[in-house]
Each structure stands twice: as structure tokens, then as C-alpha cells.
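The values are calculated or read from the model by the stated rules, or taken from the named source; none is laboratory data. Not measured: the values here are computed from a predicted model. Glycine also receives a Cβ, built like all others from the backbone with ideal geometry; neighbour counts cover every protein chain displayed. Surface accessibility is based on the protein's heavy atoms, side chains included, excluding ligands, DNA and RNA. Shrake-Rupley method; radii C 1.70, N 1.55, O 1.52, S 1.80 Å.
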Amino acid sequence: PYGLQSRVGDLLEAHLSKKSTNKENLAHNASLRGSNGNNSPNDKELYENEKPFARSVVAERILKRRSLEMRNKQEDWEESPEGQKMRELRRNLPAYKEREALLRAISENQVVVVSGETGCGKTTQLPQYILEAEIEAAHGATCNIICTQPRRISAMAVAERVAAERGENLGESVGYKVRLEGMRGRDTRLLFCTTGILLRRLLVDRKLEGVTHVIVDEIHERGMNEDFLLIVLKDLLPRRPELRLILMSATLNAELFSSYFGGAPMIHIPGFTYPVRSHFLENILEMTRYRLTPYNQIDNYGQDKMWKMQKQTIRKRKTQIASDVEEALEAADFGQYNPLTRDSLSCWNPDSIGFNLIERVLCHICRNERPGAVLVFMTGWDDINSVKDQLQAHPLLGDPSRVLLLSCHGSMASAEQKLIFDKPEDGIRKIVLATNMAETSITINDVVFVVDCGKAKETSYDAINNTPCLLPSWISKASARQRKGRAGRVQPGECYHLYPRCVYEAFADYQLPELLRTPLQSLCLQIKSLQLGSISDFLSKAMQSPEPLSVQNAIDYLKTIGALDEKENLTVLGHNLSMLPVEPKLGKMIILGVVFNCLDPVLTVVAGLSARDPFLMPFDKKDLAESAKAQFSARDFSDHLALVRAYDGWKDAERQQSGYEYCWKNFLSAQTLKAMDSLRKQFLYLLKDIGLVDSFQSCNAWSNDEHLVRAIVCGGLFPGICSVVNKEKSISLKTMEDGGVLLYSNSVNAQEPQIPYPWLVFNEKVKVNAVFLRDSTAISDSVVLLFGGSISGKALDGHLMMLGGYLEFFMSPSLANTYVSLKRELNELVHKK
Ligand code: CDP
Ligand code: MG
């Protein structure tokens with residue numbers, strides 16, 4: 001086994017070091033570098049045909065010409081009738097009044113903090129003001145403005161909007177770039193990108209050469225990437241005195257950022273919103289109780305068969321609603337919630353009546369309220385989907401053709417996005433079910449009613465047990481205010497908070513920064529690959545530093561997988577992982593897939609794990625859906641292999657034009673499979689770019705070997721591993737940190753009475769009420785030995801030490817014996833050397 005182990009390691013290292021010599025030329029990053037004006041075919045020839053000493057003169061001339069062209073084009077648009085109409089619209093935004101002050105502040109100061117109500121025009125206007133001013137001053141071709149957004153969808157939507165406001169197509173002077181996707185051209189001078197993209201660019205371009213302005217948007221959210229970027233930029237500013245940094249924030253904690261940057265000037269854009277009335281649970285229950293449409297009116301509504309069939313359900317639901325109301329009112333009246341402590345929030349559990357409440361409020365709005373769109377804040381994608389299912393053709397909402405039910409979340413299709421922003425025809429009620437991303441980063445203008453469930457899915461991190469948690473938790477007062485504000489964009493609005501007022505009083509003022517509540521592995525890897533020195537020293541420079549234990553856990557993890565060596569230096573593997581825009585574990589899987597020539601299935605696994613689960617589990621057909629999934633697993637105890645088979649089957653079906661039927665029959669999401677398909681393509685493109693892969697064909701000799709795929713999944717997921725002990729009636733699973741753990745019921749392994757393997761590797765471990773594992777694959781002892789850990793020849797000793805720890809902990813006798821003899825063999829080898 002030692003021979004094999006070291007071959008795995010050597011192969012990997014040989015492969016990686018060969019390829020990483022051309023790392024400085026990484027094309028995907030280089031393409032971000034933006035053109036400095038000398039790469040159009042003609043201009044390029046012009047430039048290259050010159051003798052070297054004359055080139056700079058030619059370049060300057062070309063740039064000047066282009067700047068003038070841009071100015072002419074801008075002036076033409078401003079004078080055109082559409083351009084004037086647009087200008088009128090833009091001038092009505094509150095940001096316009098501050099235009100001159102903003103531009104002056106930016107030219108006089110290196111850092112400026114801008115705050116203002118959501119919708120006042122920060123994101124769409126401010127970067128545009130800078131661009132316009134640069135173009136007017138005939139610096140169009142040399143300015144280079146980057147504006148970061150925390151989310152893909154806002155980067156794309158905003159870029160599209162700004163391009164339209166300038167009378168252009170995307171990819172002219174305005175473009176966007178998000179992970180694995182983008183649209184920009186030779187003349188793109190204002191680029192909207194996700195914060196992650198800018199961080200990635202810093203990898204190859206540490207001084208942001210050629211960039212004139214960096215605008216970091218939505219900093220009040222205190223996302224991890226934004227906080228991280230601010231540390232890096234703070235460090236960079238003294239070395240790039242001409243670079244301008246603008247921070248934009250919605251709520252009013254601007255002072256915090258200003259003082260982080262040594263008292264940078266703050267500019268506040270006074271906004272306008274119409275008054276919004278708050279309704280807390282107490283009044284909502286009253287309001288909806290008496291205004292429900294009487295049953296006989298619904299009966300008159302249609303002769304349609306469907307309605308008749310639903311009569312029974314309605315009657316049932318009405319009784320249920322009545323009793324719910326009583327209960328909730330009682331609870332509220334009895335003041336179970338002690339407003340004095342935040343702990344008291346846990347005794348109010350809206351989930352028990354949550355969906356019903358949303359239904360009820362929506363019915364109330366649709367039947368009794370004035371026209372206007374409704375924005376519903378929900379906790380997550382799952383809730384959105386199940387509520388959407390329940391609401392489709394809901395009898396109490398009225399005529400289904402008059403209701404436009406939409407969902408809004410991070411990864412929706414762009415056709416759906418457009419519908420969200422568009423005003424529907426008169427008489428049609430638009431209802432948008434959204435996650436908290438609709439809180440600040442996108443603005444839907446015609447919203448008059450907001451329904452706020454009071455919670456948001458928040459990642460948190462339990463450093464002591466080294467376990468990430470994803471729980472719906474109460475939002476902060478700042479968030480609740482923000483949500484409410486969304487109702488007053490065009491006229492006075494109403495906000496329905498689905499919790500009692502005293503619960504609101506107990507909310508925290510602001511949410512904890514993400515840096516303090518997530519695992520830090522990817523971040524630490526980035527710190528190392530940006531050569532920012534010691535991880536702990538670097539993180540101590542953050543606005544609020546994470547706990548030392550969290551940092552240590554992340555470093556330990558990176559050492560375990562072989563991304564960092566003992567001295568915390570980046571290994572070749574680590575360097576390559578930092579180039580791939582996925583979590584380290586998925587990156588490692590991809591690299592193993594390349595090295596072992598079975599890239600195809602591995603790409604599917606990685607695409608599946610970084611998109612969302614394509615296996616649908618509808619509430620009411622859970623059994624059917626589970627058995628459909630089980631068919632794909634063919635009793636080989638692997639969710640990952642089931643995923644590969646489902647995907648391959650779909651590809652076949654697509655070729656025969658029956659993709660949709662296939663999805664329908666097998667409870668698969670065609671949309672997610674398509675997203676996976678494009679992710680796979682993009683990964684492949686990237687791998688070619690980096691130089692890890694020459695051609696797809698060359699990496700697939702072993703793609704049909706499922707044992708190998710299993711092993712590679714283990715190679716990526718380790719140390720995400722738990723031991724399996726089959727008991728008479730159940731299976732007991734244990735990880736080192738948590739003791740007993742459970743499987744999510746949609747795992748194929750959750751249905752098995754016995755699992756004839758000693759280990760399960762898992763993709764994710766989440767603490768909900770117990771600790772649950774998501775997506776697992778059963779593996780044998782030898783696979784753990786060969787693929788678990790750093791699998792680098794050099795680090796073998798450390799790896800075995802750690803494995804030894806695992807083995808002793810789980811006391812697997814056969815494996816422990818192998819381990820002891822391996823260790824002996826290794827010691828001998830080391831001493832001989
Ligand atoms: O960033 P901030 O919240 O301050 O506002 P913004 O995103 O720049 O939006 C300013 C205004 O542009 C909004 O009030 C919308 O009226 C409009 N807008 C739009 O109509 N369509 C978009 N896709 C984005 C913004
Ligand atoms: Mg904005």
C-alpha cells in the first residue's frame with residue numbers, strides 16, 4: 001500500500017508542478033485585466049508594427065482617439081430623444097442632487113463612504129457618474145472602474161440597467177463578470193462584478209494595475225468577502241495613491257467604515273420613501289380573521305370542476321384557520337414573549353403556523369387591498385418553493401389568471417428575473433416570494449405590500465465542534481426596517497410582520513458580520529495565495545476579527561487536505577486550489593479527476609454539489625421521489641454516484657428530445673440539470689485555461705470505473721468522514737467531533753437497512769436540531785487509506801499520524817492493524833534515507 005500511496009502523491013505533484021509553471025499567464029484572470037486600449041485587431045497591428053521606442057507614442061494616440069470617440073457617442077445619446085427621456089428619469093433619483101458633491105469628494109479623497117436609502121440610486125447612478133465624468137474629461141479610454149456586488153444576480157441586473165440607461169448594449173462601455181460568466185468588450189470601462197471576482201483578480205494582479213476606481217457596494221451587509229476585500233484594499237491604498245475607493249452602504253452605520261479608513265469623508269444621500277404602516281401579528285390576526293371571503297362567495301366563483309373539487313379543502317381549511325387564530329391570539333395575549341431578552345425569541349415558533357399565516361395575509365391583500373405588488377420575505381429557497389406550490393391556484397387568492405406568482409432568489413433564470421422588475425398589466429397582482437436578497441440589493445419599484453416572516457437563513461459556525469450550521473434565525477432590527485422600507489417606493493405602503501411586536505423589540509440591532517459566523521477555509525487559502533503573510537496576523541486587521549479557534553480550525557483543515565504544509569506555506573496543490581472558483585474540497589476532487597483520468601463523472605459530482613440538488617422532493621410525493629432516486633443509486637450506497645447516473649441519463653434523454661419527460665418521471669429538476677450542464681462546461685473551459693487539461697477526451701480513460709469515482713469523492717471530501725456500525729434495527733453513524741450523527745432523509749443511504757461498508761464520506765455536515773449529513777458515499781478501508789488526507793508522498797507521515805488518530809478513535813481493528821504495519825514500514829524507510 002505504501003507504494004501505491006506514494007504513487008498517488010507523486011503523480012499529483014508531478015502533474016501540478018508541471019502545469020503551474022505558466023501560472024502567471026492564467027488566461028481567465030488575465031482576461032479580467034481589461035484592455036488598456038491596445039488590443040483591438042487594427043489598433044494592435046498599428047501598435048505592433050511600430051518600432052519599440054515609438055510604441056508608447058502610438059498607444060497614447062490610439063487612447064486619445066478612443067476617448068474622443070467615447071465622448072462623441074455619449075453626447076449623441078444625451079441629445080437623442082430616448083436619451084433625454086432617460087436623463088429625466090435619472091435626474092429624479094435622490095442621488096442626482098449629490099452628483100457634484102460626490103464627484104468632488106472622490107477626486108479630493110482617496111476613500112469616500114456613501115450611504116443612502118435603498119433605491120436612491122447608489123448602485124446604478126454613482127458608478128455611472130464617475131464614468132460620465134471621465135468620458136466628458138476625455139479620459140474615457142483610460143479610466144477603469146470596478147464596482148463589486150455581493151451577489152451574482154445583482155451584478156448582472158445592475159449592469160444591464162446601467163447599459164440601458166446609457167443607450168448601449170451590455171459589453172460596450174458597461175459590462176459584468178460573475179463566477180464563470182461575463183459580458184464585456186474592448187471598450188468596457190465600468191465593470192460590475194461579484195466581490196469574489198475582484199478577489200480572484202487580486203491573485204494575479206496584486207496592485208490592480210490600470211484600475212482607477214474601486215467601488216465596494218452593500219458593505220453594510222458585512223459579508224465575508226467584502227470584509228476581506230476591505231482589509232486587502234486598506235493595505236493596497238498607500239501603494240496606489242491614485243486609486244480611488246468608494247464604499248457604499250444602505251443603512252446608517254457609515255461611521256464604522258469611515259473610521260476603519262482613518263476618518264474617510266462620508267456623504268449621505270437623503271432619500272425619499274413614502275410612509276409605510278407596520279402591522280404586527282396581533283393586528284394581522286384580527287384583520288385577516290374577519291375579512292376572509294365567505295364560503296358561499298367562493299362557491300359562486302366558478303363552475304369550474306377544479307373549484308368544486310377544492311370546496312372540501314376550503315371548508316376544512318376554514319375551520320383550521322379559525323382555530324389557529326384563536327391559538328395564536330391567545331399566545332400573543334398571554335405575553336409568552338419576554339421582550340427583555342433575546343433568548344425569549346426561541347419560545348415563539350412561527351413555523352407551526354408560518355405558511356398558513358403567509359397564505360392568510362396574501363389572501364387578505366388580494367381580496368381586500370388596493371392594487372400594488374406584494375413582496376414576501378421568506379427564509380430560503382425550499383420555503384419559497386413549497387409556499388409557491390401551495391399558492392398556485394389557491395382558491396382564496398381569487399382568479400388565478402389575475403395573480404402573477406414569482407420567486408426571487410440567488411440562482412433564478414434570467415427570464416424570470418425580468419418578470420420581477422416589470423410592472424404587470426393593470427388588474428394583475430404581482431406576488432414575489434423572495435429571500436433576503438430583495439432586502440437591499442435589488443429594487444422592485446411597484447411594491448406596495450411587504451410581508452416579512454421575520455427570519456432569514458443564516459449560516460453560523462460552531463467553532464468548538466467545528467460544525468457549520470444553517471438555521472433560519474431572527475433578523476435584526478436593521479433588516480426589519482429595511483424590509484419594511486421596500487413597500488414605500490411609489491406610494492404609501494403596508495408592511496405585515498408575521499411576529500408580535502414584542503418579538504421585534506427583542507431583535508438585535510445589527511446582524512453579526514459573516515466573518516465571525518462561517519468556516520474560514522476558503523478565505524485562509526486566499527490569504528495564503530495572495531501572499532498576505534501569516535493568516536492570523538492578517539485576520540487580526542479586520543474590522544472585527546474572527547475567533548482564534550475558528551482560524552485554527554481552518555488552518556488545520558487546509559493542512560489535512562494538503563493545501564498548506566506544516567509551516568503554513570501554500571503547497572502546489574494549495575496553489576492550484578486557490579485558482580479554482582469552488583470550495584477547496586471540490587477543487588481537490590476536480591484535480592484528482594484530471595490526474596486519474598476520470599474527469600467526466602467527477603465534473604458532474606462537483607457541478608451537482610456546487611449547484612443545488614437536482615433531485616426534487618415534493619412534500620406530498622416524497623415516497624415516490626425517494627424511490628425514484630433510489631433507482632439511480634442501484635444499491636451502491638452513494639448519493640454522488642446516483643447524481644452521476646441521473647445526470648448521464650438526462651443527457652441521453654436530451655439527445656432523444658425527451659429530457660422533460662425524463663425529469664418528470666424521475667423527479668428531477670430540468671432547470672438544475674441544465675445549470676449543472678453549463679457549470680460543467682465552464683469548469684472545463686477554466687481547466688483548459690489554467691493549463692491543467694489539454695482536451696476533455698484526454699482525461700477520461702477511466703471515467704467508467706465507479707470504484708475510482710468513489711475513491712476520488714473520498715479524496716475530496718476527507719476528513720468529512722464518519723464510521724458506520726450496523727445495528728440490528730438501525731445504523732449508527734459517528735464522526736470524530738460530534739459523536740452520533742444522522743442522514744438527511746433524501747440520502748439514498750438513509751433508506752438502507754444496512755450499509756456494508758465501514759465508512760461514509762459526506763459532503764456537508766449541518767447542525768439543525770441534531771447534526772445531519774448531506775450527500776454521502778460509502779467507502780472501504782483501503783480507499784480511506786489511499787485517498788483520505790493529503791495524499792502527497794512527502795506528507796505521508798503526517799497523514800498516517802492523523803489517520804491513526806481516526807482509527808484509534810473509531811477502533812476499527814482491521815484498519816488499525818494495517819495502519820500499524822504501514823507506519824512501521826514507513827519509519828524504516830525514513831530511517832534508511
Ligand atoms: O443602490 P440603490 O439601492 O441606492 O439604488 P439603485 O439600485 O441604484 O436603484 C435606483 C433606481 O433605479 C431604483 O429606484 C429603480 O427605480 C431603478 N432601477 C430600475 O428601474 N431597474 C433596475 N434593474 C434597477 C434599478
Ligand atoms: Mg444598491
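Comparison of Ser658, Ser695, Ser745 shows that the only residue that is within 19 Å of Gln631 (Cβ to Cβ) and modelled with pLDDT under 90 is Ser745. Among the residues of this structure, Phe632 does not count as one that is on the phi > 0 side of the Ramachandran plot, surrounded by fewer than 24 Cβ atoms within 10 Å (Cβ to Cβ) and not aliphatic (A, V, I, L, M). Being over 30 Å from Lys559 (Cβ atoms), among the aliphatic types (A, V, I, L, M) and out of contact with any Phe, Trp or Tyr (no Cβ under 6 Å at 6 or more places or on another chain) is a property that Ile690 lacks.
Against the test of being farther than 22 Å from Leu516 by Cα and touching a His at 6+ places or on another chain (Cβ under 7 Å), the options Arg201, Arg244, Arg239 yield a single qualifying residue, Arg244. Within the range 177-191, can one find any residue that is in contact (Cβ under 8 Å) with a residue 40 or more places away in the chain, away from ligand 1 (no atom under 16 Å from the Cβ) and either among the β-branched types (Val, Ile, Thr) or within 26 Å of Ala478 (Cβ to Cβ) (or both)? Yes, the conditions are met somewhere in the range 177-191. Exactly one residue among Ser695, Ser745 is outside any helix (DSSP H, G or I), in contact with an Asp or Glu (Cβ under 9 Å, 6 or more places away or on another chain) and surrounded by fewer than 19 Cβ atoms within 10 Å (Cβ to Cβ), and that residue is Ser745. Among the conditions (1) open to solvent by less than 10 Å² (accessible area, probe 1.4 Å); (2) within 13 Å of ligand 1 (Cβ to nearest atom), Val214 misses just one, which is (2). Say whether the condition of being at pLDDT 95 or above, in a helix (DSSP H, G or I) and open to solvent by less than 10 Å² (accessible area, probe 1.4 Å) is met by at least one residue in the range 165-174. Yes: one or more hits.
Restricting Phe637, Phe667 to those that are open to solvent by 30 Å² or more (accessible area, probe 1.4 Å) and in contact (Cβ under 8 Å) with a residue 24 or more places away in the chain reduces the list to Phe667.
Taking the range 407-435 as the range and being open to solvent by 10 Å² or more (accessible area, probe 1.4 Å), assigned to a strand (DSSP E or B) and either within 16 Å of ligand 2 (Cβ to nearest atom) or modelled with pLDDT under 90 (or both) as the test, no residue passes. Of all the numbered requirements in (1) in contact with a Ser or Thr (Cβ under 6 Å, 6 or more places away or on another chain); (2) closer than 25 Å to Glu100 by Cα; (3) away from ligand 1 (no atom under 15 Å from the Cβ), Val158 misses one, and that requirement is (3). The C-beta contact set for the range 731-744 (first residue within 17 Å of Phe637 (Cα to Cα), second residue open to solvent by less than 30 Å² (accessible area, probe 1.4 Å) and in a loop (DSSP other than H, G, I, E, B), distance under 7 angstrom, 6+ apart or interchain) comprises Ile731/Ile755.
Here the helices (runs of 4 or more DSSP H) wholly within the range 466-547 that include at least 3 residues being at pLDDT 90 or above are 477-485, 521-529, 535-539.
Quick grid of which residues meet (1) buried (at least 21 other Cβ atoms within 10 Å of the Cβ); (2) at pLDDT 90 or above; (3) not in a loop (DSSP other than H, G, I, E, B):
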residue	(1), (2), (3)
Leu708	no, no, yes
Val713	yes, yes, yes
Gly716	yes, yes, yes
Leu733	yes, yes, yes
Pro756	no, yes, no
Glu764	no, no, yes
Asn769	no, no, no
Ile791	yes, no, no
Lys794	no, no, yes
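Within the range 252-285, can you find the residues that are open to solvent by less than 30 Å² (accessible area, probe 1.4 Å), within 16 Å of ligand 2 (Cβ to nearest atom) and part of a strand (DSSP E or B)? Selection gives Ile267, Ile269.
The lone criterion from (1) of a type outside the set (Val, Ile, Thr); (2) within 16 Å of ligand 1 (Cβ to nearest atom); (3) within 25 Å of Ile267 (Cβ to Cβ) left unmet by Leu170 is number (3).
Scanning the range 244-274 for residues that are more than 21 Å from Lys484 (Cβ to Cβ) and not hydrophobic (A, V, I, L, M, F, W, C) yields Arg244, Glu255, Ser258, Ser259, Tyr260, Gly262, Gly263, Pro265. With a requirement of 3 or more residues that are within 12 Å of ligand 2 (Cβ to nearest atom) and surrounded by 20 or more Cβ atoms within 10 Å (Cβ to Cβ), the helices (runs of 4 or more DSSP H) lying completely within the range 66-157 that satisfy it span 122-136.
Inside the range 436-463, can you point out the residues that are within 16 Å of ligand 2 (Cβ to nearest atom) and not in a strand (DSSP E or B)?
The answer is Asn436, Met437, Ala438, Glu439, Thr440, Ser441, Ile442, Thr443, Ile444, Asn445.
Count of the range 342-368 residues, restricted to those that are modelled with pLDDT of 85 or more and either exposed (fewer than 15 other Cβ atoms within 10 Å of the Cβ) or among the aromatic types (Phe, Trp, Tyr) (or both), is 1.
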